[in-house]
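Peer 1: Take this structure, written in structure tokens, and hold onto it; I'll ask about it next.
Derivation of every value follows stated rules applied to the coordinates shown; laboratory data play no part. Everything numeric here is computed off the predicted structure, so don't read it as measured data. Heads up, the Cβs are rebuilt from the backbone with ideal geometry, glycines too, and the neighbour counts pull from every protein chain shown.
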Amino acid sequence: MQTKVSNNSKRYIYRKNALGRDKSVMGQMTGAVKNYIKQKNEQRRLTAKEYRKTVRPIATKPVVQSMKKFNHHSQTSCFKHSVHVSYMNYIVCKKLGLDDNAAAKAGLLHDLFLYDWHGHKPEKGERMHGFEHPNKALKNAHDNFSLTKKEGDMITKHMFPLTLTPPSYKETYVIVMTDKLCSVGEVLDKYFRKKYKNKKTNKIN
């Protein structure tokens, strides 16, 4: 004898099955997203590890460490700014299949002019800091490290178009952009920190 199933029961069974399928799909999607995030985090970790290994022999030199004494943009030291540019260079050039090692090295040395440019008075015959410091950085880098033509080009032309001679390498165009992006970020960082601090103070008062 066959048991008749009511329409309501059929609808209930259909909805239950559909809900089960939806949960299964959501579970698969959630798992895929988690795996993607995990892979990306692992990639970032490995990239940072490779970068540190690449720049450690240069970054630990006393002449490079001395950049910590000089303020650069807002509260960012010359050393920290150079690390920002160097790491961003490394990531971008790695993604584009360019010379990431040269990008990291030149980024770390591009502002090796070794003085606090705030209030700096140019010597006789010198132009303003923005025009002069790439050549000073290049000289100091040459005095302390072995440089390729590409690395030298990246250092001496990173202020393009302020320095009129255009870059000779794709990697130089990368540092032109990363230097400006990092500089803007460092200046804005101080502004937003100050704004947040003032809001917090006003709230307390």
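Peer 1: Distance check, please: which entries in Lys94/Lys157; Lys121/Lys149; Lys61/Lys136 exceed 28 angstrom between their Cα atoms? Before the final figure, lay out the partial values.
Peer 2: Numbers: Lys94/Lys157 21 Å; Lys121/Lys149 30 Å; Lys61/Lys136 18 Å.
Beyond 28 Å: Lys121/Lys149.
Peer 1: Highest first, please rank the peptides 59-69, 104-114, 150-160, 177-187 by the mean number of other Cβ atoms sitting within 10 Å of their residues.
Peer 2: Values: 59-69: 14.1, 104-114: 26.4, 150-160: 23.1, 177-187: 16.7.
The packing order, highest mean first, is 104-114, 150-160, 177-187, 59-69.
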